[in-house]
Structure formats: structure tokens, C-alpha cells
1. For the range 111-131, state whether one or more residues are aliphatic (A, V, I, L, M), in contact with a Phe, Trp or Tyr (Cβ under 8 Å, 6 or more places away or on another chain) and more than 27 Å from A50 (Cβ to Cβ).
2. Can you name the number of the only condition in (1) over 23 Å from W165 (Cβ atoms); (2) among the hydroxyl-bearing types (S, T, Y); (3) surrounded by fewer than 18 Cβ atoms within 10 Å (Cβ to Cβ) that T133 fails?
3. Mind counting the residues in the range 150-173 that are touching a Pro at 6+ places or on another chain (Cβ under 8 Å), within 14 Å of H78 (Cβ to Cβ) and assigned to a strand (DSSP E or B)?
4. Can you confirm whether L152 is in contact with a helix residue (DSSP H, G or I) (Cβ under 7 Å, 6 or more places away or on another chain) and closer than 26 Å to M1 by Cβ?
5. Testing S107 on (1) out of contact with any Pro (no Cβ under 8 Å at 6 or more places or on another chain); (2) surrounded by fewer than 19 Cβ atoms within 10 Å (Cβ to Cβ); (3) over 22 Å from G20 (Cβ atoms), one condition comes back false. Which one is that?
6. Any chance you could count how many residues in the range 89-114 are part of a strand (DSSP E or B) and touching a helix residue (DSSP H, G or I) at 6+ places or on another chain (Cβ under 9 Å)?
7. Being touching a Ser or Thr at 6+ places or on another chain (Cβ under 9 Å) and in a helix (DSSP H, G or I) is the filter here, so list the residues in the range 131-147 that pass it.
8. Could you give me the residue pairs with C-beta distances under 6 Å whose first residue belongs to the range 161-178 and is within 14 Å of G135 (Cβ to Cβ), whose second residue is surrounded by 17 or more Cβ atoms within 10 Å (Cβ to Cβ) and not small (G, A, S) wherever it lies, and which are 6+ apart or on separate chains?
Amino acid sequence: MEKEKIVPDVIDKVPVNILGVTYSNNVQVNGGNELTPTKVKNMPSVKWNADEGSYYVLVMTDPDAPSRTSPKFREWHHWLVANIPGNNVEDGETLSEYIGAAPPKGSGLHRYVLLVYKQPEKLSFTEAKLTNTSGNGRGKFSIRNFAKKYKLGDPIAGNFFQAQWDTYVPTIYKQLGS
């Protein structure tokens, strides 16, 4: 994460634990490996060592929107789930529905960062709930500021992959109405 400048672009320090992220067809996220938008189009399975009785926040964010050289929409968040009991993501409160990687054509590799934060308790969130049919409200997000607002501290687990445009991206843009 330091080599690819996720520290300091997204977070202040590398999480101690690796977040297990598996897409369909057993496609694994592995510390910056390159995956295609086609391979990450569906919501992944995500696992971390969770404490029973605790709640967690999961985020997937792209600090390279619209490109790594011109990140004027940093960060564009692709997924945000809170109040996750243990590591049962499906039982959490979805604040932003999952949208797969969709880097613009010719924008090069984008970093897609997945992080988990342990909540101090079950929380009430004031953010608007976002569907996966619109990109509105997703740009210029800051997981650092979100974590500060809700006193989440540093992420307890993380992982990331990189992706660039492929022929599936226009399908996502159509889904978002753009």
C-alpha cells in the first residue's frame, strides 16, 4: 500500500491485517494485482478476523477518479456498508450499493482500495443511501474524513487491486445513466 501510495493518498498507515476479498470464479484480490472490470463486476465475498458482538464498516474506494494523474474526484466510493455484525456483510447497513471498477477509457490503472474499520458501537449514519444506478454523491468522498467523523480510528484490515478500462465499463456507465 505504501509502494502504490495508498498511504498517504487514502489512509495514514497500512492496516495490520489483510482483508480477504474474493470475486466470483475464485478471483482473489492480492495486494495490488491487476484485475479487469469484467472480473470485479459483481459484489465480492469479504472476510476479516472479526470480534463477536462488534460492528464494522467496509468501504471500497477509488482515489484515482477520473485518473491517477488528475484525481479531481478523489475518492469515488464504490461500496460502503456499516453496522456489519462480525464479518456478516449481508447483515450490515448498506449506505452505498456496490458498483464494480469502471475506469474511463485511456485513464490507465486505477487503485481500488477495500478497507474495514471497527466501530466503537452500533452507529447512526447521516449519509444519504446510494443505489447502484447513479453515480451522484459518490465522488469527492474521503474515507479518512468519514472515519474521523464517526471516530473509527485506523482501518483494521485492507487490500487493494488495480484495474483499467475494458469492454465491460460501458455497461456500468449505462447502469449509472451516464
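Where a number appears in this text, it was derived from the coordinates with a stated rule and is not lab data. This structure is a prediction, so every number in the text was calculated from the model and none was measured. Ideal geometry is used to build each Cβ from the backbone, glycine not excepted, and the neighbour counts take in all protein chains shown.
1. no
2. Only one criterion in (1) over 23 Å from W165 (Cβ atoms); (2) among the hydroxyl-bearing types (S, T, Y); (3) surrounded by fewer than 18 Cβ atoms within 10 Å (Cβ to Cβ) is unmet by T133, namely (1).
3. Result for the range 150-173: 1.
4. Taking the combined requirement at face value, the residue does not satisfy it.
5. (1)
6. 2
7. The answer is I143, and nothing else.
8. Pairs that qualify, where the first residue is within 14 Å of G135 (Cβ to Cβ) and the partner is surrounded by 17 or more Cβ atoms within 10 Å (Cβ to Cβ) and not small (G, A, S), are V169/P37.
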